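The values are calculated or read from the model by the stated rules, or taken from the named source; none is laboratory data. Just so it is clear, the structure is predicted and the values come from calculations on it, not from any experiment. Cβ atoms come from the backbone with ideal geometry, glycine included; neighbour counts cover every protein chain shown.
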Amino acid sequence: MRTRASSRPSPPASPPAAGRKATIAMSVLGVATAVLTLATGYLGLKTAQATSAKSDAQATASQSQGELAELQKKYTALQQENDRLKAQQGSTSTSSTTQDSQTPSSALGSVRHEGEITFLVGPGIDLDAPATDAKWGLGSSGTEIYLSQNGTIGATSGSVYLGTQAADYATCSQSTVYRGGGIDRGDALPGRSFCAKTSGHRYAAVKIVENAQGQATLQITSFDPPDTAG
């Protein structure tokens, strides 16, 4: 009896090993290419961001430099204006001080006569002497300030001792404590001041420059107008 051969088809033959390796290599290459593409895109994005940040930083720096330059200009202008105002203030102050020292009573009275006089014990001076008399009527009959042997400075029409306070028209005209007898030797020291009345009803501001060995030097300023109240 004959055996009939099976009619089932034979399974396909397995591909060679070399073909499988090539297929795997192509797959790996595809993945690597995709990764490389993603990396390139990411790098490009970061580069663009960095470039934008750098541009922004440069723009900000440029703006800051411009603002700093403008502030420096304003500072320089303000400093120059400040210096100008200081110089102007100093000039005004100096002018005012000079005027006050030359005319201490400018606000209330005018200077009639001003000057320095040195005299000895005996003949005195006249505080009503005109500005043309540099010797203040020394030795005349109108003596109102004189030097005694003991160093007292006499004031025939009354005086007010001020000590180290400066004498001026306001002080002298407003004082109500004039007394006779003058300035005692203990008070009649260099640098001290006093007010004096004149026989012509004027006021005089007196500063003692020197008082020693029978000789006195006074800085005197007499004022107009006369005090009509006497």
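Considering only residues that are outside any loop (DSSP other than H, G, I, E, B) and within 28 Å of S110 (Cβ to Cβ), which ones fall in segment 147-172?
Residues satisfying the conditions are I153, G154, A155, S159, V160, Y161, L162, G163, Y169, A170, T171, C172.
Results for (1) among the aliphatic types (A, V, I, L, M); (2) surrounded by 10 or more Cβ atoms within 10 Å (Cβ to Cβ); (3) modelled with pLDDT under 80, shown as yes or no for each residue.
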residue	(1), (2), (3)
D56	no, yes, yes
Q65	no, yes, no
E81	no, yes, no
S101	no, no, yes
G109	no, yes, no
V121	yes, yes, no
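For segment 206-215, indicate whether the set of residues that are closer than 16 Å to G122 by Cα, touching a residue at least 12 places away in the same chain (Cβ under 8 Å) and of a type in the set (S, T, N, Q) is non-empty.
Yes, there is a match, as at least one residue in segment 206-215 is closer than 16 Å to G122 by Cα, touching a residue at least 12 places away in the same chain (Cβ under 8 Å) and of a type in the set (S, T, N, Q).
Specify the residue that is surrounded by the fewest Cβ atoms within 10 Å (Cβ to Cβ); the eligible residues are those in segment 188-223 that are of a type in the set (F, W, Y) and within 14 Å of S159 (Cα to Cα).
F194
Pairs only if they're at least six apart or on different chains, beta carbon under 9 angstrom, first in segment 170-189 and touching a residue at least 60 places away in the same chain (Cβ under 8 Å), second among the aliphatic types (A, V, I, L, M) and part of a loop (DSSP other than H, G, I, E, B); list them, first residue then second.
Matching pairs, first to second residue: A170/A107; A170/L108; S173/L108.
Within segment 122-132, can one find any residue that is touching a residue at least 12 places away in the same chain (Cβ under 8 Å), under 44 Å from the mean Cα position of the chain (by Cα) and over 24 Å from T228 (Cα atoms)?
No - not one qualifying residue is present in segment 122-132.
If we scan segment 130-141, do we find a residue that is outside any loop (DSSP other than H, G, I, E, B), modelled with pLDDT of 85 or more and either within 14 Å of Y203 (Cα to Cα) or not assigned by TED's automatic domain parsing to the domain that holds S193 (or both)?
No, segment 130-141 contains no residue that is outside any loop (DSSP other than H, G, I, E, B), modelled with pLDDT of 85 or more and either within 14 Å of Y203 (Cα to Cα) or not assigned by TED's automatic domain parsing to the domain that holds S193 (or both).
For S175, state whether it is in contact with a His (Cβ under 9 Å, 6 or more places away or on another chain) and closer than 22 Å to S110 by Cβ.
Judged against the criteria, S175 is not a match.
Looking only at segment 133-169, which residues are hydroxyl-bearing (S, T, Y) and in contact (Cβ under 8 Å) with a residue 12 or more places away in the chain?
Passing the criteria: S140, T143, Y146, S148, T152, T156, S157, S159, Y161, T164, Y169.
Using the structure shown, decide if T152 is of a type in the set (S, T, N, Q) and either in contact with a strand residue (DSSP E or B) (Cβ under 6 Å, 6 or more places away or on another chain) or on the phi > 0 side of the Ramachandran plot (or both).
Criteria not met by T152.
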